[in-house]
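Remarks on the structure that follows.
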Amino acid sequence: QVQLVESGGGLVQPGGSLRLSCAASGFTPDHYAIGWFSQVPGKESEGVSSISSSDGSTYYADSVKGRFAISKDTAKNTMYLQMNSLKPEDTAVYYCAAPVEVYAGHLRAVDFGSWGQGIQVTVSS
């Protein structure tokens, strides 16, 4: 199945920007969407954003609308999450996952799908 490798995390000041990348290998058209989840220690992961491989439609959690932008580069088999106007509450480990779907207004990863290794994003002054 698809293998996902993340990069681009790090430490940034509030109001700053980061761009996360998720490079996929073994990707097929059967994966209709790929997305990002965030996780804070002791809490369940939360869906952040996703993009469809078929029509390019996107999903954003309410907390990131207007600040984050998801995109993909088909030639590079890579998905990006541009994170702008970062807030301390954005601090988390971010995971890319595929395939994902939006169900009842929430982003979820399909059972037995693929996950990246996780990458730390820390927003602090």
Taking protein heavy atoms only, a 1.4 Å probe, and rounding to whole percent, the accessible area of the stretch 57-123 owed to carbon and sulfur comes out at 52 percent
Loop-resident GluC sites (Glu not before Pro) in the stretch 1-81 with no more than 14 other Cβ atoms inside 10 Å, DSSP not H/G/I/E/B, are 44
Under the 7 Å Cα-to-Cβ spin-label approximation, residue 63 and residue 117 lie apart by a distance in nanometres of 2.5 nm
Along the stretch 12-22, Karplus-curve 3J(HN,Hα) (6.51, -1.76, 1.60; θ = phi - 60°) to the nearest Hz, with x for Gly and Pro, reads 9, 6, x, x, x, 9, 9, 10, 8, 10, 9
If the chain between residue 54 and residue 32 were fully extended at 0.36 nm per residue, the gain over the current Cα-Cα distance would be 7.3 nm
For the stretch 1-78 the trypsin sites (Lys or Arg not before Pro) that pass both the DSSP coil test and the at-most-15 other-Cβ-within-10 Å test are 43, 65, 67
HN-Hα couplings for the stretch 109-118 via Karplus (6.51, -1.76, 1.60; θ = phi - 60°), in whole Hz with x for Gly/Pro, come out as 8, 5, 4, 6, x, 9, 10, x, 6, x
With +1 on the Cβ of every Lys and Arg and -1 on the Cβ of every Asp and Glu, the dipole magnitude of the chain about its Cα centre, in debye rounded to the nearest 20, is 320 debye
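The values are calculated or read from the model by the stated rules, or taken from the named source; none is laboratory data. Since the model is a prediction, treat every value here as computed from it, not as a measurement. Please note: Cβ atoms are built from the backbone with ideal geometry, for glycine as well, and neighbour counts cover all protein chains shown. Areas reflect the complete protein model, heavy atoms only, side chains present, ligands, DNA and RNA absent. Shrake-Rupley method; radii C 1.70, N 1.55, O 1.52, S 1.80 Å.
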